[in-house]
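All of the numbers you see were taken from the coordinates with simple rules; none came from a lab. Note that this is a predicted model, so its numbers are computed, not measured. Heads up, the Cβs are rebuilt from the backbone with ideal geometry, glycines too, and the neighbour counts pull from every protein chain shown.
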Amino acid sequence: MKQKKQLAFLLGLVVIAAGVWLWSYRRDPTGSGDPPLIAKNRAQGVENPHLRLELIEQARKTEYKSSGRNIFSEVAQAPAPSGPKVPPSPPPLTACGFVGVGPCPEPPPPACKLPTNVKFFGYGVVPNGTSRRAFLTDGEGAVHVVSEGEVLMNRFRILRIGNVNLEFEEVSSKCTIGTAPLEEQAGTPPGGPSG
């Protein structure tokens with residue numbers, strides 16, 4: 001008996017649900033009498049919501065014509081020009097010959113160079129000290145010993161003494177940093193000349 005009551009209750013719920021569904025389906029907010037789906041399309045401005053077979057057939061008959069651009073490439077390529085080629089106009093030049101607008105950039109100062117007769121031939125460290133000393137010769141037998149920060153021949157300030165080169169700048173012009181390579185002096189090997 002209990003199952004019959006449950007079945008009757010379930011059947012009543014199904015009937016109520018079907019009635020609510022039909023009532024909401026038939027309800028038309030626009031007042032046109034159409035089901036809500038068609039009324040919704042009319043509200044969107046669709047006059048006749050049927051398949052337009054002629055447009056589908058026209059789309060099927062279209063043929064792909066390449067414009068020269070690879071549609072599968074990530075690199076953006078410009079389409080090939082279809083008309084006569086016109087050379088591009090050159091960019092505007094300033095008075096100094098550079099592209100752009102505005103004053104010409106100042107050229108960088110020239111690199112410093114030691115006179116050709118001055119050679120960097122060695123370096124050393126002062127005992128009980130950390131400063132390095134560079135040994136330079138002027139080609140006439142005179143040897144100059146300078147440390148970092150000192151001025152050589154009243155003209156070149158020594159900036160850094162390295163193992164293979166010497167960095168310096170010219171005091172008067174503050175030109176960019178120049179380098180002088182370490183040059184080994186040719187001499188006789190220890191023990192005298194071989195004979």
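For this structure, a couple of remarks:
- Vicinal HN-Hα couplings computed from phi for the stretch 140-156 (Karplus, 6.51 cos²θ - 1.76 cosθ + 1.60; Hz; Gly/Pro x): 10, x, 7, 10, 10, 10, 10, 10, 4, x, 7, 9, 9, 6, 6, 9, 10
- Volume in Å³ per residue [convex hull over Cα atoms, computed for the stretch 119-181]: 83
- Where labels lie 7 Å past Cα in the beta-carbon direction, separation of ALA59 and ILE16 in nm: 4.6
- For CYS112, distant residues with modelled amide H under 5 Å away: THR176, GLY178
- The stretch between VAL151 and TYR25, if pulled fully straight at 0.36 nm per residue, gains 35.4 nm over its current Cα-Cα span.
- Label sites at SER131 and HIS50, each approximated as a point 7 angstrom past Cα along Cα to Cβ, lie 10.4 nm apart.
- For peptides 122-134, 4-16, 152-164, sequence by mean Cβ density within 10 Å, most packed first: 152-164, 122-134, 4-16
- Karplus (6.51, -1.76, 1.60) ³J(HN,Hα), θ = phi - 60°, over the stretch 112-124, in Hz, Gly and Pro reported as x: 6, 9, 6, x, 4, 7, 8, 10, 8, 10, x, 8, x
- The residues packed around VAL126, meaning those with a beta-carbon under 14 Å from its beta-carbon, carry a net charge of 0 if Lys and Arg are +1 and Asp and Glu are -1.
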